[in-house]
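The values are calculated or read from the model by the stated rules, or taken from the named source; none is laboratory data. From a predicted model like this one, the values you see are computed outputs, not experimental measurements. For neighbour counting, all protein chains shown are included, and Cβ atoms are generated from backbone atoms with ideal geometry for every residue, glycine included. For the accessible areas, the whole protein counts, side chains as well, though only heavy atoms, and no ligand, DNA or RNA atoms are used. Shrake-Rupley method; radii C 1.70, N 1.55, O 1.52, S 1.80 Å.
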Number of protein chains: 2
Amino acid sequence: MPWDLKSDRPIYIQLIEEIQLRIFSGEYPPGSKLPSVRDIAQEASVNPNTMQRALSKLEEDGLVITHRTSGRTITEDVEMIKRAKNKLAVQQIIAFIEKMQQMGFEKKETLALINKMLEEMEI
Amino acid sequence: MPWDLKSDRPIYIQLIEEIQLRIFSGEYPPGSKLPSVRDIAQEASVNPNTMQRALSKLEEDGLVITHRTSGRTITEDVEMIKRAKNKLAVQQIIAFIEKMQQMGFEKKETLALINKMLEEMEI
DNA sequence: ACTATTGTATTAAGGCCTTAATACAATAGT
DNA sequence: ACTATTGTATTAAGGCCTTAATACAATAGT
């Protein structure tokens, strides 16, 4: 999985989001070990300090647990991961719908459009 | 309409997006006059330089036309506005679906979820 | 003809982000 | 017991963004 960081937003925020996605999708399973700050920073081509910043935030949120000298692991609290995942999903959907509404698309139009595109994307 | 700027992304980019939305939704109709840089900057509570930067970009994209001493107007090219609007809508949808997929939601699940939320939001 | 208004340009300062270079404490693993 | 590895902290530099203060050219409106 590439990291695909963009320059229009702070990198550390994008790192937080990317790691969250990996946790939610199961790419980083509950209880599994994360690479060390230095390693994962190199993977993402960012400075260790920047990665450290992202990881600290994830720990604050409870998704990641830090073991002082043996690295970090993903939380084993599956329910908690599920809750966070659903919360983010709802936020995504609301933000998406609101943006479409701001652009002038009614809810029905939005739904029709997304249906059409999903069909096209299947091909 | 409030401007609602956040601090996690450059303001000038958020200004560009907000003005685009207003054009697409018809709040700023084709051919209509925009407030002066100074005025609209004050509306949005940003520095005139920052607003100027956003407006320059919008002009570059062709959505806004600058009249050296009489201010700026929205383009009268309705087709062009429509094209830009649809392009943005498609981008939004794709980005949304991809993010949901990255989180582990299948397309069908995403569709079901959004359907459910739209129903709830009607109430 | 005058004047206010328009967009535009410049310079300086401060803030946050990012990188880079180092260093240190704690301990897992041998 | 030693050593490599871990997270953590600090300092300095540079970059982009934003604000602030000014100034100027062009012209619409009177």
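A few notes on this one:
- Listed by position, the helices (runs of 4 or more DSSP H) contained in the range B:27-123 that have at least 2 residues being within 11 Å of chain A (Cβ to nearest Cβ) and aliphatic (A, V, I, L, M) are B:78-103, B:107-122.
- Tally, over the range B:6-17, of residues that are surrounded by fewer than 16 Cβ atoms within 10 Å (Cβ to Cβ) and more than 8 Å from DNA strand D (Cβ to nearest atom): 4
- Boolean, A:Q102 is under 24 Å from B:S25 (Cα atoms), open to solvent by 60 Å² or more (accessible area, probe 1.4 Å) and touching a Ser or Thr at 6+ places or on another chain (Cβ under 7 Å): yes
- Residues in the range A:26-53 that are more than 8 Å from DNA strand C (Cβ to nearest atom) and open to solvent by 90 Å² or more (accessible area, probe 1.4 Å): A:K33, A:R38, A:Q42, A:E43.
- Every residue from the range B:20-37 that is free of Cβ contacts under 8 Å to residues at least 40 places away in the same chain and not small (G, A, S): B:L21, B:R22, B:E27, B:P35, B:V37
- Subset of the range A:54-71 [of a type in the set (S, T, Y) and either outside the structural domain of A:I23 (by TED's automatic domain parsing) or away from DNA strand C (no atom under 11 Å from the Cβ) (or both)]: A:S56, A:T66
- Flag for A:L21 being aliphatic (A, V, I, L, M) and not in a helix (DSSP H, G or I): no
- The criterion of being at pLDDT 95 or above and more than 14 Å from DNA strand C (Cβ to nearest atom) holds for B:Q20.
- Test for A:L111: is it free of Cβ contacts under 8 Å to residues at least 40 places away in the same chain and either of a type outside the set (F, W, Y) or within 16 Å of DNA strand C (Cβ to nearest atom) (or both): yes
Here is a yes/no grid of residues against (1) at pLDDT below 95; (2) surrounded by 16 or more Cβ atoms within 10 Å (Cβ to Cβ):
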{"site": "B:E60", "(1), (2)": "yes, no"}
{"site": "B:V64", "(1), (2)": "no, yes"}
{"site": "B:H67", "(1), (2)": "yes, no"}
{"site": "B:S70", "(1), (2)": "yes, no"}
{"site": "B:I74", "(1), (2)": "no, yes"}
{"site": "B:I81", "(1), (2)": "no, yes"}
{"site": "B:N86", "(1), (2)": "yes, no"}
{"site": "B:Q91", "(1), (2)": "yes, no"}
{"site": "B:I97", "(1), (2)": "yes, yes"}
